[in-house]
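The values are calculated or read from the model by the stated rules, or taken from the named source; none is laboratory data. Small disclaimer: the values here were computed from a predicted structure and weren't measured. Cβ: placed from backbone, ideal geometry, glycine included. Neighbour counts: every protein chain shown.
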Amino acid sequence: MGISVGLVGLGGFGSEFADLFRSHPAVDRVALCDMEPDRVARFAEKESWRGKFDPSDAYNSLDEICKSDLDALVIITQPTLHAPQAIQAMESGKHVYSAVPIISLPDGDEILDWCDRLVKTCERTGMRYMLGETTYYVPQAMYCRRRAAEGAFGRFVHAEGQYLHDVDEPACNLREVRKWRRSSKAGREITKMLARYEGVISGPMHYPTHSVSGPISVMGARMTQVCAWGQEDETGDDYFKGALTNEIALFRMSNGATARIAECRKIAHTGEVTFCVLGTMGSFRPNYWMIRGQRTDLTIEDMRDPLPQAVQEAYREGLGSAHFYGGHGGSHAYLVHEFCDAIANDREPAINVWEAVRYMAAGVMAHKSALAGGEVLDVPDWGDPPADR
Ligand SMILES: NC(=O)c1ccc[n+]([C@@H]2O[C@H](COP(=O)([O-])OP(=O)(O)OC[C@H]3O[C@@H](n4cnc5c(N)ncnc54)[C@H](O)[C@@H]3O)[C@@H](O)[C@H]2O)c1
């Protein structure tokens, strides 16, 4: 028997995942949930959804869907809501997939507190949590983790990761994204809630998962110390009211390497999420592998892990095209597969809560350092998954 999954949040990003979850061969029942009924209807009325979706599995609130007997919830709501919603879902006996980040709030101490509560909830309830970090499954990250497993890097020396996304990037304008996310019923509540942070200075390091997950997951190491600097907006742009524009951090890592991480929202070079990892024996930069000056160029197919044949076929059939890998470097198909396979086989997903809090803690402490003018700060950690999970 397959697993049952409820999709909570069918806005812009959630919609991109709905057909992948519906098509996955480990899933035999899918429920739909959004506070905006038309966003549920868009899928509920589709012919292709008849096989795995029953109209009694349409919900308009998280509270309602938490009372169901579903195995797992996929939470792709606004970023300020994820952690409390994930905890509510796990408390009601459901495994959780959450869009990134764990939570985004202006106050870093509150983010760390939510990380702590999330880890404790996983431990107490035994439920599984996976963070849907897209960079973890870009082909470059898959390739580097394979090389790391072979020991091909030698000793890790240094890594770099960057998420460069100008606020006015034409392909994804962040002013429009914010306006859209605040326009729904849930979004209007968020605007009211955020008013209490007047005077708190936030920054792009509070959403660090795209830039740190490559270096952390490839090296299998965590950030231990950080110093960072941030930049203020010099133009009085309302978008950056109460927030730094760009933050650059240097980390010391638990394996002795260093990592330079850049999170930039006001920068002409934009639309880039990349990383490199340099070792004593081998190094990776996008998209080539290098050993002492000898360079091997890599194609996407060279770098990508193969998806199981049955999963590929199910995606192909369900999505009606050969383009089933989805957005963000084709990572969507892998994220869905990893979560469904982990829940169906009762194992920890790759980006489990202990891995996910490492990404967040690195960013939160980098922002704190930036606010303190580059002071060197320790990065907290919650350890590895317990051996019996
Ligand atoms: N590369 C990436 O990993 C990536 C890219 C884009 C977006 N995201 C993340 O995806 C998330 C969603 O972004 P989006 O653009 O789709 O936002 P959106 O505003 O379009 O969608 C969010 C949806 O959640 C629903 N919702 C909120 N609370 C709810 C509740 N309690 N019960 C039922 N429905 C509820 C809203 O009604 C809305 O439809 C964000 O957190 C964002 O950070 C990640």
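A few notes on this one:
- First in the range 273-291 and over 14 Å from residue 152 (Cα atoms), second anywhere and of a type in the set (Gly, Ala, Ser) and modelled with pLDDT of 95 or more, Cβ under 6 Å, 6 or more apart: 275/161; 275/214
- Flag if residue 320 is among the small types (Gly, Ala, Ser), out of contact with any Asp or Glu (no Cβ under 8 Å at 6 or more places or on another chain) and within 30 Å of residue 49 (Cα to Cα): yes
- Residue check for residue 118: in contact with a strand residue (DSSP E or B) (Cβ under 8 Å, 6 or more places away or on another chain), farther than 17 Å from residue 10 by Cβ and crowded, with 21+ Cβ neighbours inside 10 Å: yes
- Residue that is farthest from the chain's Cα centre (by Cα) [pool: residues in the range 349-367 that are outside any helix (DSSP H, G or I) and not small (Gly, Ala, Ser)]: 349
Here is a yes/no grid of residues against (1) out of contact with any Cys (no Cβ under 7 Å at 6 or more places or on another chain); (2) surrounded by 16 or more Cβ atoms within 10 Å (Cβ to Cβ); (3) of a type in the set (Phe, Trp, Tyr):
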residue: 184; (1), (2), (3): yes, yes, no
residue: 189; (1), (2), (3): yes, no, no
residue: 197; (1), (2), (3): yes, no, yes
residue: 209; (1), (2), (3): yes, yes, no
residue: 224; (1), (2), (3): yes, yes, no
residue: 230; (1), (2), (3): yes, yes, no
residue: 233; (1), (2), (3): yes, yes, no
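- Residue match in the range 124-146 (condition: surrounded by 18 or more Cβ atoms within 10 Å (Cβ to Cβ), among the small types (Gly, Ala, Ser) and in a loop (DSSP other than H, G, I, E, B)): no
- Pairs are defined by a Cβ separation below 6 Å, a sequence spacing of at least 6 or placement on different chains, a first member in the range 5-32 that is charged (D, E, K, R), and a second member that is assigned to a strand (DSSP E or B) and more than 10 Å from the ligand (Cβ to nearest atom); the pairs so defined are 22/30; 29/4.
- Annotation note: Cβ proximity below 6 Å between a residue of the range 92-108 that is closer than 16 Å to residue 201 by Cα and a residue that is assigned to a loop (DSSP other than H, G, I, E, B) and more than 11 Å from the ligand (Cβ to nearest atom) (sequence gap 6+ or interchain) occurs for 106/200; 107/200.
- The residues of the range 76-110 that are away from the ligand (no atom under 14 Å from the Cβ) and of a type in the set (A, V, I, L, M, F, W, C) amount to a single one, 90.
- Within the range 7-32, the set of residues being part of a strand (DSSP E or B) and over 21 Å from residue 101 (Cβ atoms) comprises 27, 28, 29, 30, 31, 32.
- In this structure, residue 163 does satisfy being among the aromatic types (Phe, Trp, Tyr), assigned by TED's automatic domain parsing to the domain that holds residue 213, touching a residue at least 12 places away in the same chain (Cβ under 8 Å) and part of a strand (DSSP E or B).
- Pair list, Cβ < 6 Å and 6+ apart or interchain, from the range 130-156 residues that are in contact (Cβ under 8 Å) with a residue 12 or more places away in the chain to residues that are buried (at least 22 other Cβ atoms within 10 Å of the Cβ) and aromatic (Phe, Trp, Tyr): 130/97; 130/339; 132/97; 137/334; 144/284
- Complete set of residues in the range 90-118 that are more than 18 Å from residue 5 (Cβ to Cβ) and within 16 Å of the chain's Cα centre (by Cα): 100, 101, 102, 103, 104, 105, 111, 114, 115, 118
- Scanning the range 83-109 for residues that are of a type in the set (Asp, Glu) and part of a loop (DSSP other than H, G, I, E, B) yields a single hit, 107.
- The range 1-30 - residue that is more than 10 Å from the ligand (Cβ to nearest atom) and aliphatic (A, V, I, L, M) and, of those, nearest to residue 310 (Cα to Cα): 26
- Pick from the range 33-67, criterion assigned to a helix (DSSP H, G or I) and in contact with a Lys or Arg (Cβ under 9 Å, 6 or more places away or on another chain), ranking: nearest to residue 317 (Cα to Cα): 48
- Residues in the range 275-304 that are within 25 Å of residue 25 (Cα to Cα) and either crowded, with 16+ Cβ neighbours inside 10 Å or not assigned by TED's automatic domain parsing to the domain that holds residue 144 (or both): 303, 304.
- Output for the range 180-215, where each listed residue is more than 16 Å from the ligand (Cβ to nearest atom) and assigned to a helix (DSSP H, G or I): 195, 196, 197, 215
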